[in-house]
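The values are calculated or read from the model by the stated rules, or taken from the named source; none is laboratory data. Since this is a predicted model, take the numbers as computed values, not measurements. Backbone-built Cβ (ideal geometry, glycine too); neighbour counts: all protein chains shown.
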Amino acid sequence: MHIENFKIFADLVQSKSFSQAAKINGITQSAVSQQLRAMENHFKVLIVDRSQKQFKLTNEGKRLHESAKEILNLYERLDCELQEMKKVISGNIRVATIYSVGLHELPPYMKRFLSTYPTVNVHLEYRRSNLVYEDVLHNIVDLGIVAYPTKNRELEYLPFLEDELVLIASPDHPLAKKDVVDLKELPEHAYIGFDNDIPTRKATDQIFRDARINILPVMEFDNIETVKRAVEINAGVAIIPRSTVTQEVEKGLLVAMNFKGKRFLRPVFIIHRKGRILTPAMEKFIGLLTSKEEIPSNSEA
């Protein structure tokens with residue numbers, strides 16, 4: 001048995017999906033099945049109960065899975081210790097992030113990290129929030145970055161940053177002439193929101209409930225870029241993180257306004273599986289993101 005056999009088996013058990021295990025390890029679904037049969041032949045036991053419709057381990061399979069996790073943890077710890085002894089930061093980091101953070105807030109950190117550690121390969125994927133959690137839990141990625149984190153006992157949460165929510169409008173919109181806007185004014189204007197399952201949408205809905213105002217979006221989108229384009233053509237106003245609209249405001253395409261007597265912050269967190277052994281490269285990456293050091297934005301870099 002090779003360490004790769006245990007890794008594929010552990011991913012299969014975690015995801016309960018042959019296709020997911022194949023995706024994680026960059027192999028075909030049939031290759032995962034072959035690996036499973038090879039392990040059963042090697043240990044001369046039945047690992048998966050094939051009489052069940054859903055994925056289910058036999059008692060022998062459960063015992064093998066526990067040992068496989070111990071072996072993988074020991075291997076990862078050894079690999080990390082050897083890297084630390086060499087004092088060379090290298091390797092791969094797989095990161096899944098929500099679109100707004102990946103496009104607007106993460107780039108200056110990525111630029112700083114890659115210039116400091118050029119031998120580290122960072123694989124960055126833009127995903128919807130719910131898929132970031134799935135990717136982290138199923139070991140498809142090492143780290144995830146989400147806003148308004150949802151608690152899960154299997155995950156660790158590390159604060160990354162907070163971004164202020166602002167109201168944006170076209171320069172031609174009546175509200176654009178104001179420096180600050182009262183929430184009570186919003187029901188008088190067309191409002192553009194995010195889809196119901198987007199965390200920022202849930203946060204803004206709560207803001208409206210707390211203010212005792214009823215707002216029904218005239219348009220709903222699943223990403224921040226489309227929301228901004230709709231506001232640019234004066235289809236309505238929207239509430240988004242300030243950092244995501246910096247360039248449009250500088251170019252005069254949009255106007256960003258604060259709220260009268262209120263300040264709303266969007267928390268962004270780094271997540272990873274609880275108990276996961278972090279490589280030196282991962283620790284350095286997390287250290288940069290969670291440090292209090294000010295990193296120049298894209299426009300300043």
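Being in contact (Cβ under 8 Å) with a residue 24 or more places away in the chain, surrounded by 11 or more Cβ atoms within 10 Å (Cβ to Cβ), farther than 22 Å from H272 by Cα and not small (G, A, S) is a condition met by at least one residue of region 39-46.
Can you tell me which residue in region 166-203 is farthest from E248 (Cα to Cα), limited to those that are of a type in the set (S, T, Y) and modelled with pLDDT of 95 or more? Give the derivation first.
Keep residues of region 166-203 that are of a type in the set (S, T, Y), which gives 170, 191, 200.
Next cut, modelled with pLDDT of 95 or more only: 170, 191.
Details: S170: 10, Y191: 19 Å.
Restricting to residues being of a type in the set (S, T, Y) and modelled with pLDDT of 95 or more, the top hit is Y191.
The residues in region 224-278 that are under 21 Å from N130 (Cα atoms), of a type in the set (D, E, K, R) and outside any helix (DSSP H, G or I) can be counted, and the count is 4. Cβ-Cβ distances below 6 Å connect no pair with a first residue in region 122-143 that is among the basic types (K, R), a second residue that is surrounded by fewer than 16 Cβ atoms within 10 Å (Cβ to Cβ), and a separation of six or more residues or different chains.
Just name the residue that is farthest from A281 (Cα to Cα) out of those in region 67-89 that are in a loop (DSSP other than H, G, I, E, B) and of a type outside the set (D, E, K, R). Spell out the reasoning first.
Going through region 67-89, the residues in a loop (DSSP other than H, G, I, E, B) turn out to be 87-89.
The next check asks that each one be of a type outside the set (D, E, K, R); those that pass are 88-89.
Working: V88: 9, I89: 6 Å.
Within region 67-89, the match that is farthest from A281 (Cα to Cα) is V88.
Restricting attention to region 221-256, the residues that are of a type in the set (V, I, T) and farther than 15 Å from S100 by Cα add up to 5. Among residues of region 75-102 being out of contact with any Leu (no Cβ under 9 Å at 6 or more places or on another chain) and modelled with pLDDT of 85 or more, the one that is surrounded by the fewest Cβ atoms within 10 Å (Cβ to Cβ) is N92.
Looking at region 209-223 only, could you name the residues that are in contact with a helix residue (DSSP H, G or I) (Cβ under 6 Å, 6 or more places away or on another chain) and either in a loop (DSSP other than H, G, I, E, B) or surrounded by 19 or more Cβ atoms within 10 Å (Cβ to Cβ) (or both)? Break it down stepwise before answering.
Filtering region 209-223 down to residues in contact with a helix residue (DSSP H, G or I) (Cβ under 6 Å, 6 or more places away or on another chain) leaves 211, 213, 215, 219, 221, 223.
Listed by number, the residues that qualify are A211, I213, I215, F221, N223.
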